[in-house]
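The values are calculated or read from the model by the stated rules, or taken from the named source; none is laboratory data. Because the structure is a prediction, the values reported are computed rather than measured. Here the Cβ positions follow ideal geometry from the backbone for every residue, glycine too, while neighbour counts run over all protein chains shown. The accessibility values were calculated without ligands, DNA or RNA, using every heavy atom of the protein model including side chains. Shrake-Rupley method; radii C 1.70, N 1.55, O 1.52, S 1.80 Å.
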Amino acid sequence: MILDTEEQLEDFLSQPSDADCQALAALEGDLLVLGAAGKMGPSLVQRARRAAPRKNIYAVARSPIPQVETITADLLDRAQLAALPDAPNVVFMAGRKFGSTGNEALTWATNALLPALAAERFAHSRIVAFSTGNVYPFVPIESGGATEETVAAPVGEYAQSALARERMFEYFSTKNGTPTTILRLNYAIDLRYGVLLDIGRKVFERQPIDVAMGHVNVIWQGDANSACLRSFALCQSPARVLNLTGGETLSVRSIATRFGERFGIQPLFEGDESPTALLSNASKINSLLGPPAVGVMEMIDMTAHWIQTARPTWSKPTHFETRSGRF
């Protein structure tokens with residue numbers, strides 16, 4: 001598929017699958033999305049509303065989301081959190097990553113205190129909470145990625161605070177019997193941001209690509225949101241943890257080479273591939289929900305066309321190549 005406008009992109013990202021529609025039809029009650037203003041939130045809200053037009057799908061964010069009916073609230077304010085609608089199904093997307101270095105206290109408040117407050121507030125709901133693959137240690141490339149059984153060993157304060165977020169949901173899931181699924185995501189791809197855009201733009205602009213973090217996992221954002229909506233059926237107490245990403249370990253050098261073939265440009269590389277990388281194994285979630293619908297080559301081709309035709313981007317590098325844990 002080739003997309004030429006943001007309108008086409010938003011429509012594609014928010015187009016529910018038959019499985020999405022069936023999952024929400026089987027889900028009792030309305031849906032509340034906390035922290036819906038991030039990169040993934042708006043399209044998730046729209047996908048849910050299209051999949052279940054008769055349900056109330058509440059989007060909650062600190063500021064209004066363009067073209068999305070929004071409840072504005074500071075989620076760290078207990079009174080504002082308490083005033084939100086009661087909903088039997090809650091997606092937790094609030095989090096802080098970039099800008100963490102130098103403002104660690106706010107990062108910990110957002111990633112650790114807020115989950116505790118939300119878990120208490122919605123103790124009688126089902127909760128699907130987004131986390132990150134950054135809670136894992138770097139693993140050998142040939143390993144196929146960290147599994148859910150891999151012992152967490154987060155590098156840097158952002159990743160440490162993300163693990164704290166998980167622990168809060170796990171604690172309250174056990175304490176209150178709250179059915180919970182925690183999704184460790186890496187990395188979601190939109191044409192306006194993401195690892196593939198970062199690599200493709202460097203090839204197109206003839207900038208060197210650092211291959212020290214030489215391997216990655218990616219997943220189309222629409223597929224990640226689809227998995228989120230279908231994960232309510234997987235919620236349990238104690239909380240269930242699932243890796244959410246694509247099924248392949250991808251070479252950064254090979255991705256750049258593919259972009260180079262599309263652009264007619266020889267990629268420039270610097271450094272050498274490390275024997276380890278931040279990688280996750282998605283076998284478990286794929287066995288439960290099926291594999292992602294959008295493949296890697298399709299994502300690369302769509303991204304290449306987006307770059308070549310100078311379509312809008314969000315100018316927010318992922319810093320996927322960072323190995324220090326400092327964001």
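For the chain, a crude dipole built from +1 on the beta carbon of Lys and Arg and -1 on the beta carbon of Asp and Glu, taken about the Cα centre, is about 520 debye to the nearest 20.
Ligands, DNA and RNA are left out, and with a 1.4 angstrom probe the accessible area of region 184-272 is 33 Å² per residue. If you sort Cys228, Cys235, Cys21 by accessible surface, 1.4 Å probe, largest first, the order is Cys21, Cys235, Cys228.
Near Leu234, once Lys and Arg are set to +1 and Asp and Glu to -1 for all other residues with Cβ below 14 Å from its Cβ, the sum equals +4.
Here is how the number arises for the chain: DSSP H runs of 4 or more residues each give -39500 (n - 2.57), the sum is divided by the residue count, and the result at 222 nm is -10500 deg cm²/dmol. Students often get this wrong, so try it: which of (i) 22.3, 76; (ii) 19.1, 58; (iii) 21.1, 61 is Rg and Dmax of the Cα atoms in Å as calculated from the structure shown? Recomputing Rg and Dmax of the Cα atoms in Å here gives the entry labelled (ii).
Full extension of the segment from Gln266 to Ile2, taken as 0.36 nm per residue of separation minus the current Cα-Cα distance, would add 92.7 nm. Say R0 is 41 Å: what FRET efficiency, to the nearest 0.05, do Ala123 and Ser287 get from their beta-carbon distance? My answer for the efficiency is 0.85. With a cut-off of 9 Å between beta carbons, the residues surrounding Arg192 carry a summed charge of +1, where Lys and Arg count +1 and Asp and Glu -1.
Counting only protein heavy atoms and a probe of 1.4 Å, the accessible surface of region 147-305 is 51% carbon and sulfur. For Tyr193, the solvent-accessible surface computed with a 1.4 Å probe is close to 20 Å², ligands and nucleic acids excluded. Candidate membrane-span-like segments in the chain, meaning DSSP H helices with Cα atoms spread over at least 27 Å of their own axis and a Kyte-Doolittle mean of -1.0 or above, are 156-176, with no membrane implied. Residue separation of Lys175 and Arg323 scaled by 0.36 nm, minus their Cα-Cα distance, works out to 49.7 nm of gained length. Each Lys or Arg adds one and each Asp or Glu subtracts one; over the other residues with Cβ under 13 Å from the Cβ of Asn281, this totals -2.
Fully extending the segment from Ser63 to Thr147 would add 26.6 nm, taking 0.36 nm per residue of separation and subtracting the current Cα-Cα distance. In the context of the full protein assembly, His319 retains an accessible surface of approximately 80 Å², using a probe radius of 1.4 Å and ignoring ligands and nucleic acids. Considering only Ala26, Phe320, Gln308, the residue lying farthest towards the positive end of the dipole of the chain is Ala26, judged by Cα position with unit charges set on Cβ.
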